[in-house]
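Engineer: Let me give you the structure first, and then I'll get to my questions.
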Amino acid sequence: MDLKRMFLRLLPRFSVFLALWVLIAFASTMSLRAQSTATLRGTVNDQSGASVPNATIVAHNENTGVESSTQSDDTGQFQIPALFVGPYRLTVTAAGFQTAVVTGITLDVASTVVQNIQLKLGSTQQQVTITGEPPVIEATTITVGQTIEEKTVQEIPLNGRHFVDLGLLIPGTVTPPQNGFLTAPLRGQGSFAINTAGQREDTTNFMINGINLNDELQNQISFQPSINTVQEFKVDNSTFSAEYGHNSGSVVNIATRNGTNALHGELFEFFRNEKLDARNFFTFFPATKPPFKRNNFGADVGGPIAKNRAFFYASYEGLRQRQGISISTDVPTDAQRAAVTDPVILKLLPLIQHANGVDANGNPAFNGAATAPVNIDQGTGDLQFNLGSNDRLHGPSARPARGTDTRRKQLAGLGRHTAIAAPDCDHQRRPHFQCQRHQ
């Protein structure tokens, strides 16, 4: 109910934000290079190696059916910027040449893929299918980094399903210290930062769909994105491109999952308890292991609103954790209790637990457990609209989260409007907001 009341209070502000965002999206001329999308470029040649100008190139997204088109210039070169990540099919046509269709092209987040095309003489009614091959190295940029793809994000086993833990798969990233400034794990939520490329944890710049996700106070990631909403992400460790700034450390680019032409969804439940846990070092016999129960559950669904035109995606994830924290303290022995004669101490003795074990030195001790509950709810909503071959609207994407362990409630929203004016010029507007409330 608290989350519902918070949403109703924020609804008027959110409506104003949405109206301003739409106004900016269609009226602003501010240009911003894509950071969570991809670019497809290449050269169109004939069989003799001569360039083919004015060839029509169409990039077709296999998941959503959205198409982006351009033409090759006088030197046969072409470029299609600001493409959403995913599988693509490239179709190239030119007068006097057979139609070339390139399949198997996969665009990763914050990447530039080069696909050169060689056309054969013939009719445009004739079609030649080519299977694209991923490059061994990305030679178009000097950035040093690695992309964690969707299959790894969605299927790799994660203890706790913490997104930041996936950063340990990147070369140059080390396990953060438990007593670090921002890397000390928060109960039930893991660490909120990583150490990579020899940098401090507060120098990492987290971005989701091209928008900064860092907390303005401590410069850590403001919330852990749910694993089932992350499509893929890329970590750039050094030699960043000019569009990046803000921090001196690594750049983590996160691309979220979107709806497609196929309706898809999932339900999940991950359960853990203390049955297979080792006994705490300070829990001595005959005391038993403290209880532990963790339920991580949720669902997501995505699909078309209008085929090839509009799509939706929504998700929910909840965490209910009941963890017993081992407590061990020395207490008086029965003989020491019997020797007490002071009336004030006699009144206090019933408040002191009797020994049920010993400590590390063999002294009588009370070993027990305190309860540490964690309740977290997080949901996302995402809309995507194809306004034209080179005009797309994404958002607003709302991400409410609530955690009763810290009495914190958070609401974040972001949007993106992309208009490709020319092969080397795309305009993007990315309004966003974040709000938190602590009780």
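The values are calculated or read from the model by the stated rules, or taken from the named source; none is laboratory data. Note that this is a predicted model, so its numbers are computed, not measured. Every residue, glycine as well, gets a Cβ built from its backbone with ideal geometry; the counts of neighbours run over all protein chains shown.
Engineer: Find the strands (runs of 3 or more DSSP E) located wholly in region 46-126 whose residues include 1 or more that are in contact with a Gly (Cβ under 7 Å, 6 or more places away or on another chain), and list them.
Structural biologist: Because the criterion is at least 1 residues that are in contact with a Gly (Cβ under 7 Å, 6 or more places away or on another chain), the strands (runs of 3 or more DSSP E) in region 46-126 that meet it are 56-61, 77-83, 99-107, 112-114, 117-119.
Engineer: How many residues are of a type in the set (V, I, T), in a strand (DSSP E or B) and either surrounded by 16 or more Cβ atoms within 10 Å (Cβ to Cβ) or touching a Pro at 6+ places or on another chain (Cβ under 9 Å) (or both) if we restrict to region 311-352? Give the derivation first.
Structural biologist: Initial filter on region 311-352 (of a type in the set (V, I, T)): 325, 327, 329, 331, 333, 340-341, 344-345, 352.
Restricting the remaining residues to those that are in a strand (DSSP E or B) gives 325, 327, 329.
Of the ones still in play, those that are also either surrounded by 16 or more Cβ atoms within 10 Å (Cβ to Cβ) or touching a Pro at 6+ places or on another chain (Cβ under 9 Å) (or both) are 325, 327.
Residues that pass the stated criteria total 2.
Engineer: For region 74-114, enumerate the residues that are in contact (Cβ under 8 Å) with a residue 60 or more places away in the chain and among the acidic types (D, E).
Structural biologist: D108
Engineer: Out of all the residues in region 268-284, is one or more among the charged types (D, E, K, R), loosely packed, with under 12 Cβ neighbours inside 10 Å and either within 18 Å of the chain's Cα centre (by Cα) or outside any strand (DSSP E or B) (or both)?
Structural biologist: Yes, the conditions are met somewhere in region 268-284.
Engineer: Pick from region 363-377 the residues that are at pLDDT 80 or above and among the small types (G, A, S): which of them is surrounded by the most Cβ atoms within 10 Å (Cβ to Cβ)?
Structural biologist: My answer is A365.
Here is a yes/no grid of residues against (1) buried (at least 21 other Cβ atoms within 10 Å of the Cβ); (2) under 24 Å from F240 (Cβ atoms); (3) hydrophobic (A, V, I, L, M, F, W, C):
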position: T106; (1), (2), (3): no, yes, no
position: N116; (1), (2), (3): no, no, no
position: T129; (1), (2), (3): no, no, no
position: G145; (1), (2), (3): yes, yes, no
position: Q154; (1), (2), (3): no, no, no
position: L158; (1), (2), (3): no, no, yes
position: T203; (1), (2), (3): no, yes, no
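Engineer: Name the one entry in V101, V52 that is within 27 Å of A262 (Cα to Cα) and either of a type outside the set (K, R) or surrounded by fewer than 22 Cβ atoms within 10 Å (Cβ to Cβ) (or both).
Structural biologist: Step by step, each of V101, V52 is checked, and only V101 is within 27 Å of A262 (Cα to Cα) and either of a type outside the set (K, R) or surrounded by fewer than 22 Cβ atoms within 10 Å (Cβ to Cβ) (or both).
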